[in-house]
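The block underneath contains the structure these notes are about, expressed in structure tokens.
The values are calculated or read from the model by the stated rules, or taken from the named source; none is laboratory data. Since the model is a prediction, treat every value here as computed from it, not as a measurement. As a convention, Cβ positions derive from the backbone with ideal geometry for all residues, glycine included, and neighbour counts pool all protein chains shown.
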Amino acid sequence: MLRVIIVGVIFVAGIIMAYFITKPDDEKPLKIYNPIDIQPEMVDRDLVRQGFGHTIGSFSFTDQTGATYGSNDLKGKVYVAEYFFTTCGTICPKMNKQMQRVQKAMKGDERFKIVSFTVDPETDTVAQMAKYAKEHQADNQQWHFLTGQKADLYKLARRSFFVLKPAEVVNQGDVGSDFIHTNHFVLVDQEKQIRGYYDGTDPREVDALIHDAKRLLGDH
């Protein structure tokens, strides 16, 4: 009898496993990322082994309009975050050209926001961010370019979004020589959980981001 029960359990488990393996990607829930899933160099040492329960911490900065904007404004929203700086001449122009595509795809949807944090707040003043936002046809109600205290911006990147890593070599062209930013866009859900990382310079990955954002909103 015991053998029959064991065989039955194994059989049922096999069916369930086969279902999830063959389930279409659109029906599988998006992964929830925790620090343990991230490359250790991107995460503050005390968080590296955290395997569950990670959410984006509270923050409040100043956007391109001079208004305070932060986590309180993003409650219940799906949003995509990036780190960049306005004078970057390498990957940032490519990233924000793709972010314009994200804005266009989600245009008018109040449930979705874009937040772009600077890694160079000394240069990226409110006026500089406003100029940059205008150059990228940013909708000030949907796409927020955030500046503030450097220590707070970097702490958020290292302890919440995991998109800054220490620079091993100090280059003249690097802003904030203690850290360098990645090319990742970070998708965050309504519960402040990270649901995806996407190469912001790759149109195909940005297509996937748009698709996944709409899934989180229930539009797919």
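With respect to the stated conditions, residue 172 is surrounded by fewer than 22 Cβ atoms within 10 Å (Cβ to Cβ) and modelled with pLDDT under 95. Counted as qualifying within region 25-142 are the strands (runs of 3 or more DSSP E) with 2 or more residues that are farther than 20 Å from residue 162 by Cα, namely 68-70. Out of all the residues in region 143-167, which are in a loop (DSSP other than H, G, I, E, B) and within 24 Å of residue 94 (Cβ to Cβ)? Within region 143-167, 162, 163, 167 qualify.
Comparison of 89, 76 shows that the only residue that is surrounded by fewer than 21 Cβ atoms within 10 Å (Cβ to Cβ) and modelled with pLDDT under 95 is 89. In region 137-161, the residues that are under 29 Å from residue 36 (Cα atoms) form Cβ pairs under 6 Å with partners that are surrounded by fewer than 16 Cβ atoms within 10 Å (Cβ to Cβ) and modelled with pLDDT under 95, at six or more places apart or across chains, as follows: 158/44; 159/44.
Of all residues in region 205-218, those that are in contact (Cβ under 8 Å) with a residue 40 or more places away in the chain have Cβ atoms under 8 Å from Cβ atoms of residues that are in a helix (DSSP H, G or I) and of a type in the set (Val, Ile, Thr), 6 or more apart or on another chain, in 206/102; 209/102; 210/102; 213/102.
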